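The values are calculated or read from the model by the stated rules, or taken from the named source; none is laboratory data. Predicted, not measured: the structure shown is a model, and the values here were computed from it. Glycine also receives a Cβ, built like all others from the backbone with ideal geometry; neighbour counts cover every protein chain displayed. Note: accessible area is taken over every heavy atom of the protein model, side chains too, but ligands, DNA and RNA are not part of it. Shrake-Rupley method; radii C 1.70, N 1.55, O 1.52, S 1.80 Å.
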Amino acid sequence: MSGVRLYEWQNPHPTEIAPLLTDFLCALPGPTHIKLSGRDGGRCRVVVTLLHGNEPSGLSAVHALLRQGVEPAVDIHIFIANVDTARTQPFFSHRMLPGERDLNRCFRAPFDTDDQARLAGALCERWQKLAPEALIDIHNTSGVGPPFGVVKFIADEHEALISLFTHRVVMTDLVLGSVMDLSGRFCPVVTIECGGAGSSESDRTALIGLTQYVSLDRVLDLKPDNVIMDYFHHPLRLELVPGVAVDYGDEALLMRGISLRSDLENMNFNYVEPGTRLGYLTGELIQVLQARTSQGEDRLADFFFAEQGRLLARVRMKFFMATNSPEIARTDCLLYFVPA
Ligand SMILES: [Zn+2]
């Protein structure tokens, strides 16, 4: 159906895995499907990572696991997606390559428009055929911050899968064309955001979670004992109005747009109090920013207001995925928020 090639690698021996993460990455011929045989060959689980080339924690966990030669409980299918993007120099610096679409926005038809859509289509097809009992997708957040899981709806299996990694759960019904949109179609799907890229803490979160996901006999009906899951419902995305400028710093821009405070990402998962200054606006608030619900209603004015050219929080909120990258702010969003 597609011209995109998924390379297959069956039961690699630990001695075949290069000791250095970047050497391991460079040895992959492209998007790769690694198959590990488990004790119970009648069941399987899927893990996908590196949909975004600048989010290495999932890959680093896969690498460590393969080097250790852990015996999986069930058959494990590992998909390493955006290999070419991740190894474009400097390593792990591009979310996607210039001119390409965000791969994690391509998991919906049509699957024949470009290489990203074809790869997403090939992955979907492969996953559906495998009929796994679960699928997890491992990412890093764009900015610094603690780990959390993302689900489309509350379900015991989702909670169990996320509890392997973290106790924070973000629930969202925004349909973006991400892997998570597949949840409920053929198996439970959760996205794990391990925290910021390049942090050993994030890598450790990924490795601890993935090791459990691979080696435990059961991962869907765990009753997390002394863990109380922390839920954040239906965050909204704070987005730029297309075509406006964005930057970070303490001076307003000369053109229509926003200059956000440069420590914005430090607000991730902390309370943002009413009246907190978030940046400087050039132009009217609604000409610069938007915050649409899944029904398309713009809720911006309920949560933010402008005063003397400053962007301020109207109510108490929590932010996540706040980024300090103008590129990600432009192509994805500035941050996610929920009222506290
Ligand atoms: Zn990502």
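In a reduced charge model with +1 at each Lys and Arg Cβ and -1 at each Asp and Glu Cβ, the stretch 7-232 shows a dipole moment near 140 debye about its Cα centre. Using alpha carbons only, the radius of gyration of the stretch 235-339 set against its Kirkwood radius gives Rg/Rh = 0.91. Using alpha-carbon positions, what is the distance between the centroids of the stretch 131-197 and the stretch 1-63, in Å? Taking the Cα centre of the stretch 1-63 as reference, the centre of the stretch 131-197 is 19 Å away.
For the charge dipole of the chain, defined by +1 on Lys and Arg C-beta atoms and -1 on Asp and Glu C-beta atoms about the Cα centroid, which residue among GLN295, ALA197, PHE320 has the Cα displaced farthest towards the positive pole? Among GLN295, ALA197, PHE320, the one farthest towards the positive end of the dipole of the chain is GLN295. Projecting the Cα atoms of GLN89, GLY99, ALA73 onto the dipole axis of the stretch 61-116, where Lys and Arg carry +1 and Asp and Glu carry -1 at the beta carbon, places GLN89 farthest toward the positive end.
Of the solvent-accessible surface of the stretch 7-232, computed with a 1.4 Å probe and all protein chains present, 52% belongs to carbon and sulfur. Share of pairwise Cα-Cα distances greater than 18 Å in the stretch 39-155 is 58 percent (whole percent). Surface analysis of the chain yields an accessible area of 43 Å² per residue, using protein heavy atoms and a 1.4 Å probe. Taking the DSSP bridge list for the chain and keeping only pairs wholly inside it, about 50 percent are antiparallel. Net charge of the neighbourhood of SER57, taken over other residues with C-beta under 15 Å away and scored Lys/Arg +1, Asp/Glu -1, is -3. In straight Cα distance, which aspartates and glutamates are under 18 Å from LYS35, not counting same-chain residues fewer than 8 positions off? Partners within reach: GLU8, GLU16, GLU71, ASP75, GLU125, GLU133, ASP137, ASP217.
Solvent-accessible area of the stretch 235-339 (1.4 angstrom probe, protein heavy atoms only): carbon and sulfur portion equals 46 percent. For the stretch 324-340, backbone phi angles converted through the Karplus equation (6.51, -1.76, 1.60; θ = phi - 60°) give residue-by-residue couplings of 10, 9, x, 5, 5, 4, 6, 8, 10, 7, 6, 5, 10, 9, 9, x, 8 Hz, Gly and Pro being listed as x. Amide H contacts of TYR248: LEU260, each under 5 Å away and 5 or more positions distant or on a separate chain (H built 1.01 Å from N in the peptide plane; Pro and chain starts excluded). Most tightly packed first, judged by the mean number of other beta-carbon atoms within 10 Å of their residues, the peptides 197-203, 136-142 read 136-142, 197-203.
Pairs of alpha carbons in the stretch 1-65 separated by more than 18 Å make up 41% of all such pairs. Normalised by residue count, the chain yields a Cα convex hull volume of 133 Å³ per residue.
Once both labels are positioned 7 Å from their Cα atoms along Cα-to-Cβ, the gap between PHE305 and GLU8 label points is 6.2 nm.
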